[in-house]
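Q: Supplied in structure tokens, the structure appears directly below.
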Amino acid sequence: MTRPILFLAAVAMLTGPLSGPAWSQGAPQTITLLKIDPMSLATGYRTSKVVGSTVVNEANQTIGTIDDLIVTPSEKVPFAVLSVGGFLGIGTKYVVVPFSLLHVKDKQMELPGATKESLKALPDFKYNTRT
């Protein structure tokens, strides 16, 4: 009975050093965290509430709908994919604008200076179907 216990103890002592820190396989990495006050986010909008929102111009004319928000690894700001024109998804054109151009006004998303025609003149956006 003592032999199996001694054997297990020896195995535990030998395998302990093998489970060392992850940095032992390469250069140590550091992560700098930013302390954010949660109350400062209370006036923000959740992505799930923004996607699907109607976009209007300053004349309160509907010019599109937010179809999606995209964040890229190289850019620091998100982009809004707008669906413009069409009916029930037929004939819809997707275009991209920086999210920073959109303003929240009277609980609506506003894109000042935009019209359906000016948005339709932007290059087509096509979703990458591989990801």
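The values are calculated or read from the model by the stated rules, or taken from the named source; none is laboratory data. Model, not experiment: these values are computed from the prediction. Methodologically, a virtual Cβ is constructed for each residue, glycine included, from the backbone with ideal geometry; neighbour enumeration extends over all protein chains shown. Please note that ligands, DNA and RNA were not included when accessible areas were found on the heavy atoms of the full protein model with its side chains. Shrake-Rupley method; radii C 1.70, N 1.55, O 1.52, S 1.80 Å.
Q: Compare the Cα positions of GLY91, PRO78, LEU101 along the charge dipole of the range 58-131 (+1 at Cβ of Lys, Arg; -1 at Cβ of Asp, Glu; about the Cα centre) and return the one farthest towards the positive end.
A: Checking the options against the dipole of the range 58-131, the answer is GLY91.
Q: Heads up, I need the accessible area for MET39: 1.4 angstrom probe, whole protein in place, Å², nearest 10.
A: It works out to around 140 Å².
Q: Once the whole set of protein chains is in place, how much accessible area is left on PHE99, using a 1.4 Å probe, in Å² to the nearest 10?
A: Rounded to the nearest 10, that gives 60 Å².
Q: Checking the table LYS35/LYS116; LYS49/LYS93; LYS35/LYS93 against a 32 Å threshold on Cα-Cα, which pairs fail?
A: LYS35/LYS116; LYS35/LYS93
Q: Which of the trypsin sites (Lys or Arg not before Pro) found in the range 47-113 are loop residues per DSSP with 16 or fewer other Cβ atoms within 10 Å of their Cβ?
A: LYS76, LYS107
Q: For the full complex of protein chains and a 1.4 angstrom probe, list GLU110, GLU58, GLU75, GLU117 by accessible area with the highest value first.
A: GLU117, GLU58, GLU75, GLU110
Q: What aspartates and glutamates could a cross-link reach from LYS126, if we take a straight Cα to Cα line under 20 Å and drop same-chain neighbours fewer than 8 places away?
A: Result set, ordered by chain and number: ASP67, ASP68, GLU75, GLU117.
Q: Another one. What is the distance in Å between the Cα centres of the range 79-110 and the range 32-68?
A: 12
Q: Can you send over the carbon and sulfur percentage of the accessible area for the range 29-92, probe radius 1.4 Å, protein chains only?
A: Ligands and nucleic acids excluded, carbon and sulfur reach 58 percent.
Q: While we're here: May I ask you to rank VAL55, VAL104 by accessible area, largest first, using a 1.4 Å probe over the protein chains only?
A: Ranked from most to least accessible, the order is VAL104, VAL55.
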